[in-house]
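Everything on this sheet refers to the single structure shown next.
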Amino acid sequence: MDSEETPALSADTLAILQSFLSEKQEQDERFAKLQENADEVFKNNQKIDMSVFQEDWQLSQFWYDDKTAEFLADRVYENTESNDHVAFISSPTAFVAFRNKYDRENAFVFEFDERFDIFKHQFVHYDFNKPLEFARAQSFEHKFKFIIADPPFLNKDCLSQTLETVKFLAAPDAKIMIDTGAVMKDLARELIGARITNFNPAHKGGLSNEFRCYSTFEDNQLTWITE
């Protein structure tokens, strides 16, 4: 082959690439439509399909499956009052599930991905590298009765800094759930007293790392276990 010739893709590879690009274009168009109609969607309390938000692997985004998202949303609802402040930190799937099912004004998603600013005042731009630097921080301090956190990266720094935010936001009697890898069990217990539970979060695309749920409380569906 001439060194200046461009290698041709095989028919199978080309078909896979075209399918990927077509799917991405369709998702982009669906999200653009959601952005365009956001005011009407929220005014009429319309449900939002999480699939309009394409996972960004560079941000370590892996969406929960529907069963997991609903379980988390139900834990929040069953352990809070209607006017309680609730935070979903780096956990937009659980936030969307909660909003779709219960739609409370005092539920907030703390998220780096600015696509979620379509949720207007319920969106708080959040970077775990700057755990106490976010909008409305002063008014949010120790205000939240329930917090779900899903640190995006599986390492000590990410969990530690995310939990710094959790401790800043948490009311004295707050209930806390943390979804992260099994290898973070001891650190979650050390930093915030969260214990491993019987619930195993699952993701739509699956994950190679063992993923677990830790909490500072129990209820009729969520219990601590010994491992």
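Here residue 173 qualifies as among the charged types (D, E, K, R), at negative phi, open to solvent by 10 Å² or more (accessible area, probe 1.4 Å) and not in a helix (DSSP H, G or I). The one condition from (1) open to solvent by 90 Å² or more (accessible area, probe 1.4 Å); (2) at pLDDT 80 or above that residue 50 does not meet is (1).
Of the helices (runs of 4 or more DSSP H) contained entirely in segment 56-156, those carrying at least 3 residues that are over 17 Å from the mean Cα position of the chain (by Cα), surrounded by fewer than 17 Cβ atoms within 10 Å (Cβ to Cβ) and at negative phi fall at 137-140. Summed over segment 194-227, the residues that are under 22 Å from residue 173 (Cα atoms) and either of a type in the set (Asp, Glu) or touching a Pro at 6+ places or on another chain (Cβ under 7 Å) (or both) give a count of 3. I'd like to know if segment 53-61 contains one or more residues that are closer than 26 Å to residue 161 by Cα and touching a strand residue (DSSP E or B) at 6+ places or on another chain (Cβ under 9 Å). No, because not a single residue in segment 53-61 is closer than 26 Å to residue 161 by Cα and touching a strand residue (DSSP E or B) at 6+ places or on another chain (Cβ under 9 Å). Of the residues screened, residue 219 is one that is in contact with an Asp or Glu (Cβ under 9 Å, 6 or more places away or on another chain), open to solvent by 10 Å² or more (accessible area, probe 1.4 Å) and over 21 Å from residue 63 (Cα atoms). Taking the numbered list (1) of a type in the set (Val, Ile, Thr); (2) outside any loop (DSSP other than H, G, I, E, B); (3) open to solvent by 30 Å² or more (accessible area, probe 1.4 Å) in turn, residue 162 passes all entries but (3). What about residue 70, is it touching a Ser or Thr at 6+ places or on another chain (Cβ under 8 Å) and either farther than 23 Å from residue 200 by Cα or among the charged types (D, E, K, R) (or both)? It is false that residue 70 is touching a Ser or Thr at 6+ places or on another chain (Cβ under 8 Å) and either farther than 23 Å from residue 200 by Cα or among the charged types (D, E, K, R) (or both).
Of all residues in segment 183-215, those satisfying the criterion of being open to solvent by 20 Å² or more (accessible area, probe 1.4 Å) and in a strand (DSSP E or B) are 195, 203, 211.
The values are calculated or read from the model by the stated rules, or taken from the named source; none is laboratory data. The structure displayed is predicted, hence computed values, not measured ones. Cβ atoms come from the backbone with ideal geometry, glycine included; neighbour counts cover every protein chain shown. Accessible surface areas use protein heavy atoms only, side chains included; no ligands, DNA or RNA. Shrake-Rupley method; radii C 1.70, N 1.55, O 1.52, S 1.80 Å.
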